[in-house]
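Since every read-out is calculated from the coordinates, none of them should be taken as a lab result. A quick note: this is a predicted structure, and the numbers were derived from the prediction, not measured.
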Amino acid sequence: MNDKFEMNAELENDDNVKNGKRAVDIIIKILTACCVISAVGLLGVMVMAFLDLGDGAAQDDSVIAPEILATTTTTTTTEPPTTAATVRMTVYVKADVDLKSKANNDSETVGSLKTGDTIGLVAVEADGWYRAVYNNKECFVHKNYLSVTKPEVNTDAESGRTVIDPEQELWYLVVVDHDRQMPDDYEPELEYIADSDYELDSRVAEKYDEMYYAALEENIELTPVSAYRYYSTQESNFNALVEELMENSGLSQQEAEAKAATEILPAGCSEHNLGLAVDIGSVEDEFKYSDAYTWLKAHAHEYGFIERYTEEKQSITGIIPEPWHWRYVGTEHAEKIVNAGVCLEEYLRQNNIAY
């Protein structure tokens, strides 16, 4: 009797163990299923976020580039644009830039911003473009022109012009013009060019010599007639032209200075002051009919030089046509500029190069 009772007890214990294991198995299966469901759900969220990034829909902050998200704050426009887009944050513009109607450089220009201006971001677009709002209108701007911190704009107290850094990384693409000037005390390291008394930035002189002697082998002489100019020389030349215009044309000083600046840029605003430009042959319009000019049009870009001021681009550069004025921009960029048929300012903007 006792043996039978003990046998029944052992069988009952075995059943309990089996039931316990079965319960554990069920719990494990349930937990595994929950994990799988959660993972699938998370994957779905990630996919939806990725798809939203491409279609320009309202997005959360995770789709904004980290370097722009870092220190910006979320705002909304007081008068939303017709698209009812919500401004996610306001950022600074770190270099002069054109605003586009679409997220590409070939689209219509709908406005322009200066360094230090602000713009409201709406959403991320493809290839580094942002959909944005400016003056309650939708536009597009490339991230290369945006900054989360206000750029330090060094302004000359007397002229009010922006003072640029001539030694920045892309020094050969630096722009000086009516609104931008080099520091008063800047002077590049210089070297003489083509066995002449003229000098260029030492980084450019070698390329000019290569071009000069290549042309000479074809019996074309690219005689320099002006190259690097000291700040004081540029100032003297500009003032002399202003006085001439006032005396001969009856212009006021302000009118004479404005007209003179279309021919001779003020001191510190000329590429000659940077040592990156050279005048070749003569400073007369007839130069464009010379063999030297024909050779330069065909080959100068191979050595990194471009015709800087053309009649077609005068409305952009603000300078009268100067077929004798050739500027160094590097061989890579010179070829692209020539092939695209654009001036330096257009090229920099079209390629989203902040300058």
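From the gyration tensor of the Cα coordinates in the stretch 187-244, what semi-axes in whole Å does the equivalent ellipsoid have, largest first, with each one equal to sqrt(5λ)? Spell out each step's value before the answer.
Working: eigenvalues 144, 45, 9 Å².
Three semi-axes, in Å: 27, 15, 7.
I need the semi-axes of the equivalent ellipsoid of the stretch 96-141: take the C-alpha gyration tensor, multiply each eigenvalue by 5, square-root it, list largest first in whole angstrom.
Values: eigenvalues 43, 30, 20 Å².
So the equivalent ellipsoid measures 15, 12, 10 Å along its semi-axes.
Which of the pairs Lys114/Lys336; Lys102/Lys143; Lys297/Lys336; Lys102/Lys137; Lys259/Lys313 have their Cα atoms more than 22 Å apart in this structure? All intermediate terms of the calculation are to be shown ahead of the outcome.
Working: Lys114/Lys336 25 Å; Lys102/Lys143 14 Å; Lys297/Lys336 14 Å; Lys102/Lys137 12 Å; Lys259/Lys313 17 Å.
Beyond 22 Å: Lys114/Lys336.
Express the C-alpha Rg of the stretch 162-350 as a ratio against the empirical globular expectation 2.2 N^0.38 Å, rounded to two decimals. Intermediate values should be presented prior to the final figure.
Values: Rg = 16.1 Å, N = 189, 2.2 N^0.38 = 16.1 Å.
For the stretch 162-350, the normalised Cα radius of gyration is 1.00.
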